[in-house]
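Notes to accompany the following structure.
The values are calculated or read from the model by the stated rules, or taken from the named source; none is laboratory data. What you see is a predicted model; the values in this text were computed from it and never measured. All Cβ positions, even for glycine, are placed from backbone atoms using ideal geometry, and neighbour counts span all protein chains on display.
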Amino acid sequence: MKVKLHHEGQNIILLLLLILVTINAAVVAFIPTRVIYISFITLSVILFGLVVNFFRLPRRHFKGENDGKAVVSSVDGTVVALEEVYEDECLHRNVIQLSVFMTVFNVHANWVPVRGLVKYVKHHSGRFLAANLPKSSTDNERSSIVIRTPGGDDILVRQIAGAVARRIVTYVEPEEQVDVNDFIGFIKFGSRVDIFLPLDTEILVRLGDKTWGGETQVARLKR
């Protein structure tokens with residue numbers, strides 16, 4: 001699998017590199033104690049590696065049947081919620097909420113989960129609770145996207161910031177045609193994505209399952 005760096009992280013990585021080089025150069029120049037400057041250099045390399053790892057972007061293509069009924073995970077992570085809820089922002093009906101939580105070690109690019117037409121996009125300011133908590137779905141900073149599938153189902157995708165995340169980026173716009181191989185956005189540093197599905201949807205994952213964005217089929221629509 002080929003991997004590149006996501007463009008959302010390029011400036012951050014460059015700035016971090018300049019800061020770390022400057023700090024370590026100063027430490028080596030002014031602190032002659034070998035164990036101290038070697039420790040600084042080691043910690044800097046580890047920090048830089050973690051940030052580069054966070055912004056990695058594997059090239060993926062959904063290999064399943066893309067007939068408009070497949071629901072594909074938007075993100076890498078762990079299924080932390082799978083339950084019937086009443087969604088009152090956009091859909092105003094009972095639906096199945098399927099939530100995947102990402103740690104800082106997961107890929108944080110967000111893929112489109114279903115093929116269809118974008119009907120609604122809205123960003124909401126909010127709190128920064130831990131993204132694995134149930135209240136984060138409605139209380140945290142988030143972006144809501146509704147996609148109408150070829151079968152006429154409206155699927156709500158919600159990008160949710162976490163305790164560390166401070167920026168949600170959403171790429172899609174209303175009336176744009178999207179597919180499961182497209183990117184829906186990016187969430188920086190720890191987050192979660194909820195997908196709200198019709199009650200008659202066939203769910204293909206369970207709580208605790210691991211998913212890979214753009215690859216793992218998590219459900220199948222009836223229409």
Is it true that some residue in the stretch 186-203 is modelled with pLDDT under 90 and over 23 Å from Arg59 (Cβ atoms)?
-> yes
Taking the stretch 73-106 and keeping only residues that are farther than 17 Å from Ala161 by Cβ, part of a strand (DSSP E or B) and either among the polar types (S, T, N, Q) or outside the structural domain of Thr201 (by TED's automatic domain parsing) (or both), one is left with Thr78, Asn94, Gln97
Would a scan of the stretch 4-27 turn up a residue that is buried (at least 16 other Cβ atoms within 10 Å of the Cβ) and basic (Lys, Arg)?
-> no
What is the number of the single condition among (1) within 23 Å of Thr201 (Cα to Cα); (2) surrounded by fewer than 19 Cβ atoms within 10 Å (Cβ to Cβ) that Val35 does not meet?
-> (1)
Selection from the stretch 49-72 of residues part of a strand (DSSP E or B) and either closer than 16 Å to Asp153 by Cα or in contact with a helix residue (DSSP H, G or I) (Cβ under 9 Å, 6 or more places away or on another chain) (or both) yields Arg56, Leu57, Ala70, Val71, Val72
In the set Phe48, Phe54, which member is of a type in the set (Phe, Trp, Tyr), over 30 Å from Leu98 (Cβ atoms) and not assigned by TED's automatic domain parsing to the domain that holds Ile155?
-> Phe48
By residue number, the members of the stretch 1-29 that are modelled with pLDDT under 85, in a helix (DSSP H, G or I) and not aliphatic (A, V, I, L, M) are His7, Glu8, Gly9, Gln10, Asn11
Give me a count of the residues in the stretch 107-140 that are closer than 25 Å to Val51 by Cβ, part of a loop (DSSP other than H, G, I, E, B) and at pLDDT 85 or above.
-> 0
